[in-house]
Structure formats: structure tokens, C-alpha cells
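Have a look at the structure below before the remarks.
The values are calculated or read from the model by the stated rules, or taken from the named source; none is laboratory data. Predicted model only: the values in this text are computed from it and were never measured. Cβ coordinates were reconstructed from backbone atoms using ideal geometry, including for glycine residues, and neighbour counts include every protein chain displayed. The area values use the complete protein model at the heavy-atom level, side chains included, leaving out ligands, DNA and RNA. Shrake-Rupley method; radii C 1.70, N 1.55, O 1.52, S 1.80 Å.
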Amino acid sequence: MADDTFDRVRASGIASILTVHDAASITDVVDALVDGGVSTIEVTLRTSAGWNAIERLGGRSDVVVGAGTVLTVEDARRAIDLGSAFVVSPGLDAAVVIETESRGALPLPGIATPTELQRALQLGLSALKLFPAEPLGGVAMLKALAGPFADVSLMPSGGVTPALLESYLAQPNVFAVGCSWLVTAELVSAGRFDEIRTRAHAAAALVAARG
């Protein structure tokens, strides 16, 4: 199951990072993303509405849904029970990784240094989140890690703007890019689902262009 999830996230190329304030609008938001060509959804657990959003999305077959900002084993367990196919953490926590794998979901812990990356390798991981990507050096950091860690695939997240997206997608060791700007609280509150669709379409076009 985790391998299938990785393949779906990689095929999407973009993970839309959502911080949900009202789960009532989540269907409209995700419909707009899917219409625009983005099918990987990371719902952060920074708000209580995130749980409800994950539960509402868990049964959809047209998207792969994961939980973000997962800090504890308990949160990983609950997120997977509600339908999360992958679990994203800002840092590397072995207990969260083990719990996630034991339940058949894909762990994507964050790393920020070569030392943390080597610890992840010791846990048997080869797909990781690079966070916060842009403050860490962005594309230069990805290129630096590609040499000694040629078999590791990364999902950079944090500070990746629309103007930078294409350069991130061009890196061979990037399997997807986390984007929080596709959906903003302002767009959702204003009902601007057309703009969300437009942003998703532009991002998906860059994924398609990389081949």
C-alpha cells in the first residue's frame, strides 16, 4: 500500500498543503484542485478542522490524502484510521515512522541535514520531506544531497513559491513538491474556487512539462 501511495504522489508531482479552518468547504476546494490536475492532498493538523477534513476526504478514490504536521504516534494512528494514506512530519521521529509503516501508510518525515537523512536511511526510508526547503538552500541543497544520497527521493516543502516551482521540479531527486500557495484561507473564504483551479492547472502543467 505504501509503495502504491508513493507512486501516486510521484505521478501527481505536487502535494497541495491545506490548513483547513472550516471543513465544510473541503469538497469544493479539493474538487477545484482535481479539476486543475492536482490529486495529492496534505491536510495539516495545525487546526482542529483538519481531522474532519481528512475524514471527509478519506473515501475519495480520485485523490491521495495524507496528514501533515504529524508530531506524535497518537496523531499518526488517528490520521491513518481516518483515511490518511501518508503521514508527513516536520522532523524525523522514529516512533512515528514505525507506527505509520505498521499500519500500511507511507511515512514522509522531514529532514534538514545529511545527518538526519542518514538516520532516516537506517530506518529503511528512501522517500523523505526536505523541510524547510528554501531556507535550507533550496535547489542548491537538493543538488548537494543528490551526490552522496543518489537513491533518496525528496519532497521539498517550505518557501517554495510559484516562481521557484519549475526549478524544484527539474531536480532528479525530487519526486513531488509541497505547495501551500495553491489554496489560501483568503481564496476559500471568498469562494474563489476558480482561482484555486487556475493555480492547480498552472502547477500541473509544469509537472507535465518535466516528462
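Things worth noting here:
- Pairing residues of the range 114-134 that are on the phi < 0 side of the Ramachandran plot with residues that are of a type in the set (D, E, K, R) and open to solvent by 10 Å² or more (accessible area, probe 1.4 Å), at Cβ distances under 7 Å and at least 6 apart in sequence or on separate chains, gives Ser126/Asp151.
- The residues of the range 165-184 that are assigned to a helix (DSSP H, G or I) and open to solvent by 50 Å² or more (accessible area, probe 1.4 Å) amount to a single one, Glu166.
- Considering residues of the range 11-23 that are over 9 Å from the mean Cα position of the chain (by Cα) and open to solvent by 20 Å² or more (accessible area, probe 1.4 Å) only, the residue farthest from Gly191 (Cα to Cα): Ala11
- Tally of residues being within 18 Å of the chain's Cα centre (by Cα), open to solvent by 50 Å² or more (accessible area, probe 1.4 Å) and more than 20 Å from Thr40 (Cβ to Cβ) across the range 79-109: 2
- Restricting attention to the range 24-60, the residues that are modelled with pLDDT of 95 or more and open to solvent by 10 Å² or more (accessible area, probe 1.4 Å) add up to 18.
- Yes/no for Leu142 being in a helix (DSSP H, G or I), open to solvent by 10 Å² or more (accessible area, probe 1.4 Å) and of a type outside the set (S, T, N, Q): no
- With respect to the conditions (1) in contact (Cβ under 8 Å) with a residue 40 or more places away in the chain; (2) not in a helix (DSSP H, G or I), Ser25 falls short on a single one, namely (2).
- As a summary of the residue check, Phe131 satisfies the conditions (1) open to solvent by 50 Å² or more (accessible area, probe 1.4 Å); (2) among the hydrophobic types (A, V, I, L, M, F, W, C); (3) more than 16 Å from the chain's Cα centre (by Cα) except for the one numbered (3).
- The residues in the range 145-164 that are closer than 22 Å to Ser102 by Cα and either in a loop (DSSP other than H, G, I, E, B) or without any contact (Cβ under 8 Å) to a residue 12 or more places away in the chain (or both) can be counted, and the count is 1.
- If you go through the range 28-61 and keep only what is in contact (Cβ under 8 Å) with a residue 60 or more places away in the chain and among the acidic types (Asp, Glu), you end up with Asp28, Asp31, Asp35, Glu42.
- Close Cβ contacts (under 7 Å, 6 or more residues apart or on different chains) running from residues in the range 170-182 that are closer than 22 Å to Asp194 by Cα to residues that are part of a loop (DSSP other than H, G, I, E, B) and open to solvent by 20 Å² or more (accessible area, probe 1.4 Å) comprise Trp181/Thr161.
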